[in-house]
Every structure is written in C-alpha cells, then in structure tokens.
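Scroll down for the structure; my scribbles are underneath it.
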Amino acid sequence: MANRKLINLFVCSILSFIGLAQPSINQLGYLDIPAVHGEDLNDIWGYVDGNGNEYALVGAENGVSVVDVSDPNNPTEVFWKTGMNSVWRDLKTYNGYCYVTTEAQEGLLILDLNGLPNASLIDSAYFYGSGWLSAHNLYIDEFGYMYIFGANRGNGGVIIYDLNVDPWNPVEVGDFDNYYIHDGYARNNRLYSGHIFDGFFSVVDVTNKSNPVLLGTHATPNAFSHNVWLSDDGLSAFTTDELEGSYVASFDVSDPSNIVELDKIQSTPEVGTIPHNTHVLNDYLITSWYTDGVVIHDVANPSNIVEIASFDSSPFTAATYEGNWGAYPFLPSGNLLISDRQEGLFVLGVNYQRACYIEGTITDASTTFAIPNATAQIISDSHIENSDLNGFYETGIAIPGTYDIAYDKYGYFPDTLYGVVAQTANVTTADIALQPKAAFSLAIIVKDQNGNPIEDAVVELKSVYITHDLMSNASGIAAQSGAYEDYYNLTVGKWGYGNFCQDSIYFEPSNNSMTVTLTEGYYDDFALDLGWTITGDASTGMWERAEPIGTSNGNSNPEFDSPFGCRDMAMITGNGGNGADFDDIDYGYTQMESPSFDVSGMTDPHVNYFKWFYCKFGPYPEDDSLLIYISDGSTKVLIDSMTFASTNQSEWVDTSIRILDHIGITNPLSLIVHAADLDTFINITEAGFDHFYISEGNAQGTEEPVLTDINLFPNPNNGIFTLSSELYIGRLDVYAIDGRLIESYEINAKQQELDLQHLKAGNYILSFRNTAVPVIIVK
C-alpha cells in the first residue's frame, strides 16, 4: 500500500515539474495531539470564527481539542476539554456551538465557541437527554435540528432535537427508533442513516419531526452500513461499510422507494483496507480510510467512481481500525483536516481535479451480443470494473496519458486494448469484442482403491471466474456440460474417504476428463460439505463452514484454518470478522454432528481433530464452553471440553481421543461438537473445529515427534512411487523446484502408492508432516 502511494506522489511530482497540473494532496501542517495528551484520537470537525479564523475540532479518547489552523503551517492547540474515557467522540457545529457525543456515560457535551479567537471565553456544559447518557454519533441539519444516533435508549435509533430555542438546552421533538442507527446525514427534511448491524441504509422523511416516515432502504455491498452522505444535487447517496475489504458505494436515491446501486470501489483491493467516514464536496468524495489515510474520488458521475488522490497518514498497512479516523473538507480555505488515531492532526492542501473517464461496450466477436459481467482493468491500476447486462463498463484514471486495458470473461479468450488515450475531464470510448472459447463436456471420474466407481462423491471445479459444484453418478462420473478451457482447482471427497486436491489443472476439449482415486477412511478437513448437521438457538455465532476471518481487536476468531488440510476451510462459530465481539456466540448454543462412522472393524480407533476456543469472561462450564461428545445414537458421552479456565486458548490445538476409553464400538458412532454462551452477561465466546479423521491408534499428541522420516521408492521414478511413513495421517504437498505449490493429497495409510505421471519430467519437492524430500521424475 505504502509503495503505491509513494509511486502516485512520485508520478504527480514529475508531471507537475513538466507543467501538467495533476490532482494531489500536500501536507501543510501537523500537530501531534496524541503525544501532547497521551491518547489516541477519533473524529474531527471544523469551525470558522467571526474573524474568519479556521479551527480543527478534534475528538480524543479523553477529551476534545480546539486547534487554530488559520496558519496551516503552524497548527496550535488553543483549548482542551477533558472528558470521560471512550474510543468514540463525534463533533458537529451549529450557530457558534459545538456538540459532542461519546459512548462514555457523560451525556452531550456543548461548547460555546462564539468567544473565539479568545479561547478563554469558551464555555462548556453537559446536556442529559431524556433516558440516555451515551450516544455514538450526531448530525445537525441546515434548519438547526440535531439528530442523535446510537444512544443508549430503546433500539438506539435517532432522537431529534431542536437547537433554535436554546442552544444549551436542546428540545426533543421526535424520534425514529425502528432500528439501531450508527451514523446519519440529514438535508432538506430527509434523513439518510447507516444501520450497521442490519446491513442497509435508509431514507426517512422527517418533515414532521414528531412522525418520521420510512421511505426506503437498500443493502450496502458488505452489509455493514457505517455512514451515509448525500451528493451535492441530492440525487445520489454514498455509503461506507466498516469491514475489511469493504467498499465506498454510490446509490441513486432520487426515488427512495426504488434505490439503485450505481458503483462501488475499494482503495487498495490487494490489501482489503477498511473505509470509515465519507463526505462530499463539489462532487468529490473525501473518505477517511483507516490505514490507507485519506482517499479522494471524483464522483461527478456517480456510476463511475474514480480515485484521483490519496494521502497516507498512517505507518500501518494492514486492514485494521488504526490510522485515519475522520476527514473534514469544508473549510473556506479549501484545506483538508484529518485526524489519525495514532499520528495526530494533519492539515493538507488539495488540488482537486477531474479524472480521465473511459467507457465502452464488451461484446461477443461471433454473435455481436453484449457480454455481461466481463472485467475491464487499466493494467497500471489495481481496480477492476465489470460490465453490466448491456455489456457496458465505466472506469477511469487520475493522470492523463496512454494506457492499456485488459478484458476477460469466463468462456472467452482474454484480450487487451493498447494505447488508449485518457484526458482530464473527458470521456474516452474503448469498445472491444472478445473471441469465445469452444464449449465442451468435462468429466471427473471418481473411483476407490480397487477401481470401483464411487457414487455421490462431492466434486468442486473452481476457476478464477466460476465454481462448478458437482456430484458423481452411479458410474462415478461427475459431468459438467458447457465447460470452457481454463485452469481449475479440483477438490473431490465423500464421507468415508479421504479428500483429493489438485490445483491449476488445464482442461480443454482434448483434455476433458480426469480419474481421481479416493482412499477409504473417515476424514474431513471441511474443504467440501460432507454432511455435518448444524442445530442451535444462538442469536449469532452459529457454526459455519468457511475460510476463517480473523478478528481485528483480540484473537478470538482464527485468521487461518488448522495447519493440515486440503483447502483453507474450517468450521467456525460466526465468521464476520470485525471486532472480537461482533459475530461470536451469543444467547444460546450452536451444535454440529458428523455423519455416522463405523469403526467396529478397527482394534484401537482414535478420533482426531484440531479445536479452537476463546472465552474472555464467562466462568461457567456449560455456559461458555466447547464440549465434544461421541454418540452411538442412544448414549452421548463427553470426551473433550474447553472452558474459561482452559489453557491453549486462541490457537489450534491438535487432539487425539481413544474411543474405547469412552464408548463401545459395536454400533455406528457420530461426533457432536457443542459450543455455547447462554447467559446475557457481556462475554466473548468463539470456537473452531478442523481436520477431523479416524486413525488406528494415537496419531497425534505427545507421541508425535517434531520431524517425521518418510521414504520414497523408487526414486528416481516415472511418476509412480510408494510413500511410507510411521505417522501416516496428514497432507502431502507437491512443490515445483521454484517453490510453486502444484497439488496436494491426503495421506491415510502408512504405505501409499502415488501416481504423478501427469507431471512433466523433472525435480520436485514433497512436503509432509514438517519434512521435505526431493523426488525425481524421469520419462
């Protein structure tokens, strides 16, 4: 991320030097408020006194700072108001007064700024609303009505106050409490609100403040609607979703009963950083984007959002909630104020300039029909645009010049338009016709070790653009008609067998089938859905099969699956990411049960798995717990548990349990994994489960050495060889000599034959159970 920003600034500097004005952001001044007061910052607003002096009003965790920025090169704090500790403070002004909300229990802070520039004349008081002491945010419209959002009253919707009678004593005139509201914006008697936990934003008519009327709602791209801001003409709204990898999005709100999404964009798609607050100034979108700093987009055409400039205030680069919290662009000077949580107050000078716009139509070269959902990407830029149902796409770039644009779509050969000329504030048309690929039928043939077909095997064929979910028939064939030549990742499995995984297989009309052999044995790494049953009554945090998303504050949810396994999937109790207490188990239990397994033919069967558990507060064994049972259908026996007092929390714990120590093996068995947080006490409880298998004897725990000796014979070979190991359960990865992962297998026997004849002759590395060995294939 930082490199991208530096490159942009470098290019801007060069072009400015040769006489071409470009959009840019320059640092004018800086004040290290966190160092002065020993605390992080939060939101920011601006103010202008009667003499035209400009001020930054900066929220902090323990107070509010008033900073004179009239000399942008020398910001000076002129006033500080200490308050209760809270991560959140939001500030707005009206008629010479500043109003401040916080989630601390201290009510609404009111500052009288009319005495400025004499800071000693600033007076303050607290207002305590009817039935609330804390609130998340606020907004004040052009008529002098204040909207309090997320107060600790009712559902935390909006409470409306009139500030015109007495600025020290706001008069409550109405509320809209249908949903929790995180943030909002009001203009021309319409309120636009972000319902962060409901995943949508709303438009409400507040002409009659005592009787607000809901006009319409619409989901935002990542269903975590944080803030909303209206365009200058009032026809479009812009939203942010405060999650990793989220978007700023634009919507047509001219008819609130029929809101239409127009476009969406990320700042650094390759990192997935988090947007926070966005504002509109003269058809430019100014967004505080946490670790990306502040990002400015041209939204003169809301259906084509184009980034034109950015300033990275933060040393952090990951997708976290550190960095730039707020940005205020409305000072008469045009200077931009931003508050970086750790770094402080920045005063920035901005050269706003329209982007270069590129649009066109993508069609089928054979039929001339439009191609929907094709991708178009300016090769020097990281943003990818998709064509609509008419094949139409829009994109753009900040700096004028000559660019190459790459196009792609599943079922077509990729193509590139070279030398597309882009000019500031102009629209360049770039149409292209893609050549279709020939469709063919693709078959995956699934057999057991004896060559017999396996029916009802789950088969996943996944390319960059599409996933085919298939199931084998009685002949063991999983067929996909209408496939196109491409590289696919193949995953095959069935309960009672090990998984098969292989990546980057190129299927084409002349290579349209593949035979896969599955080894008998009970195994599930959750790369596929093999039929576990999920039940429970928890309001959040139900078991789900997913690629884990780590939590941003606290290691409650795993960020990765367990060390072994075919893909990156695991069973997780809620996978929403965000804060540690966002999607954890709440107010109930969640339980999953495996399909049955028959181990009556084994001598000493063990059930093996990786478990994950985190509990912050709860002390109760049944309440805040991970409980694992084995059942024969009539009897359920507890075999393993983790509670608040357990060690090895917030990590994958490799576990092996001897079945005969708990239950007989004459009947089919099942495994039950139960996780709960039953009471209403504020708590954080998360669990994970992965890499389940049945082994003969203990395959894990203290008996497992750090390194494992494995033998290959013959070696060199023609692609067929035997692998032997005393510790035989695990994932075998095949790497090219340059370190590329080629394919993976699950090893389920102490001695297993492998067939790699499909690989070219050469040197390869096999990695298994912390040991790597070379293998040479000759042909």
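In whole percent, how big is the carbon plus sulfur part of the accessible area of region 493-603, probe 1.4 Å, protein atoms only? Working shown, then result.
Details: 1840 of 4350 Å².
Ligands and nucleic acids excluded, carbon and sulfur give 42 percent.
Among 114-124, 54-64, what's the highest-first ranking by average C-beta atoms within 10 angstrom per residue? Each step should come with its number before you reach the end.
On the way: 114-124: 13.9, 54-64: 23.8.
Those peptides, ordered most packed to least, come out 54-64, 114-124.
So what are the three principal axis dimensions of region 472-606 from its Cα atoms, in whole Å, longest to shortest?
The Cα atoms of region 472-606 stretch 54, 43, 26 Å along the principal axes, largest first.
Given a cut-off of under 8 Å on Cα pairs at least six residues apart, what relative contact order in percent is computed for region 484-562? Don't jump to the answer; show the numbers that get you there.
On the way: 98 pairs, mean separation 17.9, N = 79.
Reported relative contact order: 23 percent.
Out of residues 5 or more away from Thr515 or on other chains, whose amide H comes under 5 Å of its own, with H placed 1.01 Å from N in the peptide plane?
Ile445
Pull up the DSSP beta bridges for the chain and report the antiparallel fraction as a percent, rounded to 5.
Working: 236 of 248 bridges.
So the antiparallel bridges in the chain amount to around 95 percent.
At 1.4 Å probe radius, can you tell me the per residue accessible area of the chain in Å²? Display every interim value, and only then the final one.
On the way: 30640 Å² over 779 residues.
Result: 39 Å² of accessible area for each residue.
Based on the mean of other beta carbon atoms within 10 Å per residue, what is the order of 205-212, 564-571, most packed first?
Details: 205-212: 14.9, 564-571: 21.2.
Peptide ranking by packing, descending: 564-571, 205-212.
Highest mean first, what order results for 173-186, 426-439 on Cβ atoms within 10 Å? Let's see the in-between values first.
Working: 173-186: 21.3, 426-439: 15.3.
Going from most to least packed, we get 173-186, 426-439.
Taking amide H atoms as placed 1.01 Å from N in the peptide plane, list the residues 5 or more away in sequence, or in a different chain, whose amide H sits under 5 Å from that of Ser236.
Sorted by chain and number, the residues that satisfy this are Ser231, Val253.
Go through region 406-423 residue by residue and turn each phi into a ³J(HN,Hα) via Karplus (6.51, -1.76, 1.60, θ = phi - 60°); whole Hz please, and just put x for glycine and proline.
Each residue of region 406-423 in turn: 9, 10, 7, 6, 4, x, 10, 6, x, 8, 9, 9, 9, x, 7, 8, 10, 10 Hz.
Which of the pairs Lys462/Lys611; Lys447/Lys494; Lys494/Lys636; Lys409/Lys437 have their Cα atoms more than 20 Å apart in this structure?
On the way: Lys462/Lys611 28 Å; Lys447/Lys494 11 Å; Lys494/Lys636 25 Å; Lys409/Lys437 10 Å.
Over 20 Å Cα-Cα: Lys462/Lys611; Lys494/Lys636.
Specify the angular offset, from 0 to 90 degrees and rounded to the nearest 10, of the alpha carbon long axis of helix 2-17 from the longest principal axis of the alpha carbons in the chain.
50 degrees
How large is the dipole of region 236-343 about the Cα centre if only Lys and Arg carry +1 and Asp and Glu carry -1, each at its Cβ, rounded to the nearest 20 debye?
On the way: 2 positive and 16 negative charges, 44 e Å.
Approximately 220 debye in magnitude.
The values are calculated or read from the model by the stated rules, or taken from the named source; none is laboratory data. Every value quoted in this text rests on a predicted model; they were computed, and no experiment measured them. Positions of Cβ are backbone-derived with ideal geometry, glycine not excepted, and every protein chain shown enters the neighbour counts. Please note that ligands, DNA and RNA were not included when accessible areas were found on the heavy atoms of the full protein model with its side chains. Shrake-Rupley method; radii C 1.70, N 1.55, O 1.52, S 1.80 Å.
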